[in-house]
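Structure first, then comments.
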Amino acid sequence: AAGGRGSPAGEQESPPGSRFVCTSLPLDAAGAGCPLPPVPMQGGALPPEEELKATVLQLRETVLQQKETIGSQREAIRELTGKLSRCEGADGKSATGAWKNEVGKGKDTMGDLPRDPAQVIDQLSRTMQTLKDRLESLEHQLRANVSYAALPSDLREMLQRRLGDLERQLLSKVAELEDEKSLLHNETSAHRQKTETALNALLERVSELEKGNSAFKSPDEFKVSLPLRTNYLYGKIKKTLPELYAFTVCLWLRSSASPGIGTPFSYAVPGQANEIVLIEWGNNPIELLINDKVAQLPLFISDGKWHHICITWTTRDGMWEAFQDGEKLGTGENLAPWHPIKPGGVLILGQEQDTVGGRFDATQAFVGEMSQFNIWDRVLKAEDIMNIANCSINMPGNIIPWVDNNVDVFGGATKWPVETCEERLLDL
């Protein structure tokens with residue numbers, strides 16, 4: 001301990017202005033005449049002003065760390081802003097507008113701060129700088145008046161409360177920025193999903209147009225194209241035939257295949273693959289098969305032009321007629337007489353069937369285009385056939401009409417819009 005007001009020898013009191021001499025004494029030698037001053041240090045602790053300085057330095061370090069955190073958050077915001085700008089470039093202002101609207105609805109955790117992320121960071125930076133300036137001012141005041149140590153514990157508590165408030169504000173803003181990042185991610189995902197949906201719809205539409213399955217001006221204004229002689233390109237009529245005692249088959253076709261145009265159509269039933277067949281095979285003339293019985297027809301249709309063909313048949317005496325472009329070119333009888341056409345078979349366009357619905361032979365395949373394939377359950381009058389061929393009337397078959405949803409194509413066969421009836425007439 002140090003003596004400040006008297007000496008241990010009991011010397012007289014020194015006059016004012018004289019210097020004092022302090023001598024260390026053991027604690028047990030201190031007498032009642034030399035009281036010890038109060039010692040603020042406990043357990044080797046620093047004096048209050050030193051401890052306060054240390055607290056201020058620590059607080060300054062904390063402030064610097066918080067500024068570094070804010071800087072990293074600013075970089076994250078810049079990166080997100082860049083991504084948002086790219087999204088705006090792909091879809092106008094929709095994504096940005098939606099993001100700003102959602103942000104505008106968000107909770108206001110810092111009511112006096114702006115909602116824009118960049119402005120939030122600038123505002124926080126200014127707040128941190130203000131706090132730093134106040135701490136430096138406080139430190140300067142403590143250095144100027146080191147003897148003033150009134151209520152150091154209260155000052156520490158106040159600084160700790162201020163620091164706690166600041167940390168809570170920073171945590172709140174970090175959480176808010178995370179929410180905004182998540183919102184931006186969700187908006188980007190929604191925009192990407194919307195774009196993918198639009199692209200898929202366009203791809204489906206393009207596929208429909210490529211296949212030629214788009215809606216025609218009317219259900220019957222289409223043709224089936226079979227451009228190659230193969231055993232896998234064909235069309236199929238969805239409907240089947242009832243039992244028939246007479247029929248008329250009419251169709252438009254165009255082919256220049258050689259030798260022979262192949263098989264425009266075939267109808268097969270269980271037990272009889274050649275129930276009805278129209279075929280021009282190899283160097284043979286065009287033939288009509290009924291129940292595997294054959295009649296040669298005087299038709300000439302392999303010149304690459306559109307031709308209208310009609311064939312009539314009745315079970316009575318097996319009589320048949322052949323029309324080309326509205327004109328009757330041949331007739332005959334005894335073609336499968338008294339044989340009714342069996343029901344429930346498969347009707348194929350472009351291939352000859354060796355079994356019901358299958359076993360096609362490429363050498364017998366039709367090569368070309370066909371349209372307006374219609375079947376009636378009666379023998380049409382020659383006048384009606386002429387009117388159909390010269391485009392005077394449109395008379396769909398009452399058993400098999402030529403409509404888009406009744407014809408399927410397979411193996412690369414396609415359906416396309418057909419030339420008008422008048423255009424086909426000009427091709428004759």
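Rule-based calculations on the coordinates, nothing more; no lab input. These figures come from a predicted structure and were not determined experimentally. Note: ideal-geometry Cβ built from the backbone for every residue, glycine included; neighbour counts use all protein chains shown.
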Once you wrap a convex hull around the alpha carbon atoms of the range 262-339, what is its projected area averaged over all directions, in nm²? 5.2
Placing each pseudo-label 7 Å from Cα in the direction of the beta carbon, residue 416 and residue 327 end up separated by a distance in nanometres of 2.9
Between residue 160 and residue 79, what FRET efficiency follows from the Cβ-Cβ distance if R0 is 41 Å, with the result rounded to 0.05? 0.75
Please sort 324-333, 340-349 by packing, taking for each peptide the average over its residues of neighbouring beta carbons within 10 angstrom, highest first. 340-349, 324-333
Say each of residue 293 and residue 218 gets a label point 7 Å from the Cα, pointing the same way as Cα to Cβ; how far apart are those two points in nm? 3.8
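Within the set 238/415; 293/342; 236/342; 53/173; 236/415, which residue pairs have Cα atoms separated by over 23 Å?
Working: 238/415 15 Å; 293/342 15 Å; 236/342 18 Å; 53/173 29 Å; 236/415 12 Å.
53/173, as the Cα separations exceed 23 Å there.
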Taking the simple approach of a point 7 Å from Cα along Cα-to-Cβ for both residue 138 and residue 303, what is their distance in nm? 11.0
For the range 157-213, just the Cα atoms, rotate onto the principal axes and tell me the three extents in Å, largest first. 82, 7, 5
Cα-based Debye curve of the range 297-381 sampled at q = 0.17, 0.20, 0.21 Å⁻¹ gives log₁₀ I(q)/I(0) of -0.96, -1.25, -1.32
Residue 286's amide H: which non-local residues (gap 5+, or another chain) put their own amide H closer than 5 Å, with H modeled 1.01 Å from N in plane and none for Pro or chain starts? 297, 299
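Could you compute the FRET efficiency for residue 123 and residue 203, with r as their C-beta to C-beta distance and R0 at 51 Å, rounded to 0.05?
Details: r = 48 Å, r/R0 = 0.94.
Once rounded, the FRET efficiency stands at 0.60.
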Could you give me D for the range 222-427, from Stokes-Einstein at 10 °C and 1.306 mPa s, where the hydrodynamic radius is the Kirkwood radius over C-alpha pairs? Units µm² s⁻¹, please. 95
